[in-house]
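First the structure, in the form of structure tokens, and then the observations on it.
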Amino acid sequence: MKLAELKIGEEKTITKVGGEGNLRHRLLEMGIIPGTKVEITKRAPLGDPIQIHIRGYELSIRKEDAMYIEVGE
């Protein structure tokens, strides 16, 4: 399942970070790494961007970028 597919309030664990080059590097630098718990806290009115709670802070990412992040139980 992709991070962008979660509903508000759902919490899952990141299993894989996809993408290539600068995008993947940027996601990893923001703390989006496998094994980390992540929760969707808000969505913009049109669905993009989404706000997530990860590692004790709130982070907004584009829905397009969230499609590269796989989550599981």
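Considering (1) out of contact with any strand residue (DSSP E or B) (no Cβ under 6 Å at 6 or more places or on another chain); (2) free of Cβ contacts under 8 Å to residues at least 40 places away in the same chain; (3) acidic (Asp, Glu), say which one Glu39 fails and leave the rest.
Evaluating Glu39 over (1) out of contact with any strand residue (DSSP E or B) (no Cβ under 6 Å at 6 or more places or on another chain); (2) free of Cβ contacts under 8 Å to residues at least 40 places away in the same chain; (3) acidic (Asp, Glu) leaves (1) as the failure.
Failed condition for Glu5, given (1) within 11 Å of the chain's Cα centre (by Cα); (2) touching a residue at least 12 places away in the same chain (Cβ under 8 Å), with all others met?
The failed condition is (2).
Return the total of residues in region 17-36 being closer than 20 Å to Gly56 by Cα and not small (Gly, Ala, Ser).
10
Conditions first: (1) modelled with pLDDT of 90 or more; (2) closer than 16 Å to Met67 by Cα. Gly21 passes all but one, so which condition is the exception?
With (1) modelled with pLDDT of 90 or more; (2) closer than 16 Å to Met67 by Cα applied to Gly21, the lone miss is (1).
Of the numbered conditions (1) modelled with pLDDT of 90 or more; (2) in contact with a helix residue (DSSP H, G or I) (Cβ under 7 Å, 6 or more places away or on another chain), Ile40 satisfies every one except a single condition; which is it?
(2)
The values are calculated or read from the model by the stated rules, or taken from the named source; none is laboratory data. This structure is a prediction, so every number in the text was calculated from the model and none was measured. All Cβ positions, glycine included, derive from the backbone under ideal geometry; neighbour counts span all protein chains shown.
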